[in-house]
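The values are calculated or read from the model by the stated rules, or taken from the named source; none is laboratory data. Small disclaimer: the values here were computed from a predicted structure and weren't measured. Methodologically, a virtual Cβ is constructed for each residue, glycine included, from the backbone with ideal geometry; neighbour enumeration extends over all protein chains shown.
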Amino acid sequence: MTQPDVKVTTLPNGLRIVTDSVPSVESVAVGVWVGVGTRNEDLSDNGVAHMVEHMLFKGTESRDALEIVKIIENVGGHMNAYTGREITSYHIHLLKEDLPLALDVLADMVQHSNMPENEIEQERGVILQEIGMCNDTPDDIIFDNYFETAYARQALGAPILGTTKIIKKMKRDTLMGYVKRFYTPSNIVVCASGNLDHEDFVLRVQDTFIDLPAGSNENKIPASYTGGCEHRAPKKLEQSHIVLGFQGVSRLDKDYYATQTLASLFGGGMSSRLFQEVREKRGLVYSIYSFHSAYSDNGQFCIYAGTGPDKLSELVPVVCNEILKLGESISEEELERAKAQLRSSALMARESMMNRADQNAKSLLLHGKIRKPEDIIASINAVDVPTLQNLCQKIFSTNPTLAALGPLDTLESFDNIKKHLFGLSQHH
């Protein structure tokens, strides 16, 4: 399980290069990971990170939009990208012999994108469609509502897609300025996993990534969990959607893996407490789960449920009751099952070259080092019942945040929900 074949080289300009050599496969996953995302935006330009990600596919000084995708698909490769709150990624998976081609295309997109006005107009329409689709998808939009409430008036809480109003007015200068400001060597990791040689890869990156802007390494504004409030959006839908959340921990916190374990134990699978109690025993929902979203300096522990309006008044007190019970007793058996799920997903993910590259690049951007699989497994194995009980006390005594969408006539008041919950602190 050790990974002696992961190598990191930092170029004099600060650009970091990572390879994870897996000689037994025929392919390579390669990409550019940039340590910026929605939280690096000014609120007045919300959505710029995501729009830049779209625009980098829309042509460079030497290739138009069609050529960029055709050149990769002509050799049977796949290319994609994503924008997150703290990281943006452009990546390609293709056969090992085509790696130089992939690097050439990625370097061209990231450094020489010319963002023609006609393409900006076209893509503006595409992103507005994407925002419309998200607004029509209750179990998507509920999370935007939640994060905007949990991190009010902060870029970390702003929607990744931006808002219709801002996207309609987004200017080319804003997009180009964002790239110049943030797509700098010290913010970028070029990473590959699969059948490749480190030294050869480093030389190729050195030869192709020669036009990155100097820029500065700007500090993020620390996130501040505003919490303690709610966002209710009554709407005529078949189902009512609820997200109830609390302040979690950051990715760098010593309790990060314990918190992931707690989320898995509480609502991570079909044998989890929430699924068993709320769906299997009581039939109150089709979908219910808990999860922990962690950032570099903050985190959210959330529970999502979707239910028919007739079950809503019963659902919320049951969920609150399960939170209280969780703080009082956790069995060794449940703990071991949750840890087994985390271990297996960590190790199974390593069977995908794309996942390996993504994990290595994120690890370097967020932690400043590559975390070895055995260290991650050791961190999971070290979680014990007392740690989880302390965590329950810490997490569930923070001010809750609620987002609710759909028919909400039977949803009790936020004050009542808090009364249910703050029974917890009296038990300890």
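For the range 179-234, the tally of residues that are among the acidic types (Asp, Glu) and free of Cβ contacts under 8 Å to residues at least 60 places away in the same chain stands at 3.
Matching residues to (1) over 22 Å from residue 319 (Cα atoms); (2) at pLDDT 95 or above:
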site	(1), (2)
199	yes, yes
205	yes, yes
220	yes, no
233	no, yes
264	no, yes
267	no, yes
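Scanning the range 99-119 for residues that are closer than 17 Å to residue 212 by Cβ, hydrophobic (A, V, I, L, M, F, W, C) and in a helix (DSSP H, G or I) yields a total of 6. On the given criteria, is residue 394 at pLDDT 95 or above, of a type outside the set (S, T, N, Q) and not in a loop (DSSP other than H, G, I, E, B)? In short, yes.
For the condition part of a helix (DSSP H, G or I), buried (at least 20 other Cβ atoms within 10 Å of the Cβ) and within 21 Å of the chain's Cα centre (by Cα), residue 39 qualifies. Within the range 256-295, being crowded, with 20+ Cβ neighbours inside 10 Å and among the polar types (S, T, N, Q) holds for 259, 260, 261, 264, 272, 290.
Among the conditions (1) in contact with a helix residue (DSSP H, G or I) (Cβ under 6 Å, 6 or more places away or on another chain); (2) modelled with pLDDT of 95 or more, residue 381 misses just one, which is (1). Taking the numbered list (1) assigned to a helix (DSSP H, G or I); (2) assigned by TED's automatic domain parsing to the domain that holds residue 136; (3) within 22 Å of residue 362 (Cβ to Cβ) in turn, residue 203 passes all entries but (3). Checking 388, 405, 421 one by one, the residue that is touching a Pro at 6+ places or on another chain (Cβ under 9 Å) and at pLDDT 95 or above is 405 and no other.
Rundown of residues vs (1) under 22 Å from residue 204 (Cα atoms); (2) surrounded by fewer than 21 Cβ atoms within 10 Å (Cβ to Cβ), yes/no style:
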{"position": "31", "(1), (2)": "yes, no"}
{"position": "34", "(1), (2)": "yes, no"}
{"position": "43", "(1), (2)": "no, yes"}
{"position": "55", "(1), (2)": "no, no"}
{"position": "74", "(1), (2)": "yes, yes"}
{"position": "91", "(1), (2)": "yes, no"}
{"position": "111", "(1), (2)": "yes, yes"}
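The rows are residues; the columns are (1) in contact with an Asp or Glu (Cβ under 9 Å, 6 or more places away or on another chain); (2) under 24 Å from residue 355 (Cα atoms); (3) surrounded by 14 or more Cβ atoms within 10 Å (Cβ to Cβ).
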residue: 165; (1), (2), (3): no, no, no
residue: 168; (1), (2), (3): no, no, no
residue: 172; (1), (2), (3): yes, no, yes
residue: 176; (1), (2), (3): no, no, yes
residue: 181; (1), (2), (3): yes, no, yes
residue: 185; (1), (2), (3): no, yes, yes
residue: 193; (1), (2), (3): yes, yes, yes
residue: 199; (1), (2), (3): no, yes, no
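Taking the range 322-340 as the range and being surrounded by fewer than 19 Cβ atoms within 10 Å (Cβ to Cβ) and assigned to a helix (DSSP H, G or I) as the test, the residues that pass are 324, 325, 328, 332, 333, 336, 337, 340. Within the range 350-359, not a single residue is of a type in the set (A, V, I, L, M), in the same structural domain as residue 237 (by TED's automatic domain parsing), surrounded by 14 or more Cβ atoms within 10 Å (Cβ to Cβ) and in contact with a helix residue (DSSP H, G or I) (Cβ under 7 Å, 6 or more places away or on another chain). Checked against (1) buried (at least 20 other Cβ atoms within 10 Å of the Cβ); (2) hydroxyl-bearing (Ser, Thr, Tyr); (3) in the same structural domain as residue 18 (by TED's automatic domain parsing), residue 225 meets all criteria but (3).
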